[in-house]
1. Run through the DSSP bridge list for the chain and note the antiparallel percent, rounded to the nearest 5.
2. I need the calculated FRET efficiency for the pair residue 76 and residue 328, taking r as the beta carbon distance and R₀ as 45 Å, to the nearest 0.05.
3. With the Cα gyration tensor of segment 106-187 in hand, give its eigenvalues times 5 under a square root as the equivalent ellipsoid semi-axes, listed largest first in whole angstrom.
4. Based on the alpha-carbon gyration tensor of segment 228-269, what equivalent-ellipsoid semi-axes (square roots of 5 times the eigenvalues) come out, in whole Å, largest first?
5. As a test of the definition: which semi-axes, in Å, follow for the chain when you take the square root of five times each eigenvalue of its alpha carbon gyration tensor? Largest first, please.
6. R0 = 35 Å: FRET efficiency of residue 394 with residue 253, Cβ-based, nearest 0.05?
7. For an R0 of 22 angstrom, estimate the FRET efficiency from the Cβ-Cβ distance between residue 438 and residue 273 and round to the nearest 0.05.
8. In terms of the ratio Rg/(2.2 N^0.38 Å) built on C-alpha atoms, what value belongs to segment 325-450?
Ligand code: NDP
């Protein structure tokens, strides 16, 4: 049994993870939240206590200041708190430092995003091979459990791939991962998690198609699909972390990722990017100061955590899997729906942070109980998905499965055509008014099938 959890980071995702860890501290033991700004850790603890979520009052829930780039300080904190499980929910820039601290102490390591270097964007695929997988042998030799990408996407959707292979298919042809947020936060523009990381994700699209990496421009390939609960929604072919391990570990011809975007988001994103405001390269001001435009944009956008009160609507994230079972063609959508208002009522958060923050704690519980304490480095799809999916349902993220008639009216067509054919369907038509900027947010153009 591994005990005592160190959560690194105090943003929206860590907020939810801390609630869930405290709710299961009878299994997980003491919980320490450490981040650069200790006040943010303290405010998470206030939220947990306000909700009465510390199940075992004898178990500590405490805050520490930590710069996770400082490996020695992280090692010292792991030792001081007796933490045997480290849940890294800080920015992806610190992954390698935190992993190193775990290797030095023997603590288990969990994260929810691939490592990134601040000055590099969308490196050569597969991204895990550039950083994390280089340490796989060290983890195995030291018996250190490291579970990579244990959020929702990456994370739960990786487990859905393993579940599809284990339970629903003998052969898989294609997997299309669809992520839609049909919620409304009432702000002119905001991202649902760290804006810097969010925008870096969409610099270009690297997708796994016909067993090879292919590159497309952002927001160039659009489909509209009739989702359960949230109805018809536009989704765009996007690059994403999980493709960089699934392409390696899951036997399928194509594994693609589609993210839902409204026309307003695409409009704002396109203006910011065209002006150069999403660049991670520093620029010099006439005052002599150097600034990174992307960091300026992050500084002026709402803190994702602040969106939670009053956020309404649902998220729907899942995998459309096509293949064969017992010689018959089959298509299923394995998915999860979360409600923003319900997430706020339960843990004072919104559903994006909720869907990302619950899974690493489910994974931590499985490590603590031994089922996932694999003593080497793995991506989520390499583990038995069933205990994870079952535990997620208990923790607030139940999974549903929709059977789709192969080739029928609801079937999802993820086949990517020539760019010239795709582009006309991907054009956004937006409503703007200088006199009433919020009209762009209120307007809801009808989605049109390509
Ligand atoms: P936020 O930006 O809201 O929070 C990040 C937190 O990490 C902040 O508290 C920040 O501290 C802290 N932090 C940053 N650098 C350091 C450091 N060097 N040392 C210690 N603390 C540090 O991010 P989110 O909560 O929205 O996201 C957290 C992670 O989850 C990200 O990696 C994100 O990519 C990932 N994610 C994964 C998802 C999934 O489904 N797999 C979905 C959504 C997010 P400070 O405030 O002081 O700067």
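Only the coordinates and a few stated rules stand behind these numbers; no lab work does. As the structure is a prediction and not an experimental result, all values here were calculated from the model. FYI the Cβ positions are ideal-geometry reconstructions off the backbone, even for glycines, and counts take in every protein chain you see.
1. Counting DSSP beta bridges with both partners in the chain, the antiparallel share is about 60 percent.
2. On the way: r = 58 Å, r/R0 = 1.28.
Using R0 = 45 Å, I get an efficiency of 0.20.
3. Values: eigenvalues 132, 92, 43 Å².
Whole-Å semi-axes of the equivalent ellipsoid: 26, 21, 15.
4. Values: eigenvalues 131, 39, 10 Å².
The answer is 26, 14, 7 Å, longest axis first.
5. With the √(5λ) rule applied to the chain, the semi-axes are 32, 27, 22 Å.
6. Approximately 0.50, to the nearest 0.05.
7. E between residue 438 and residue 273, to the nearest 0.05, is 0.45.
8. The reported ratio for this selection is 1.50.
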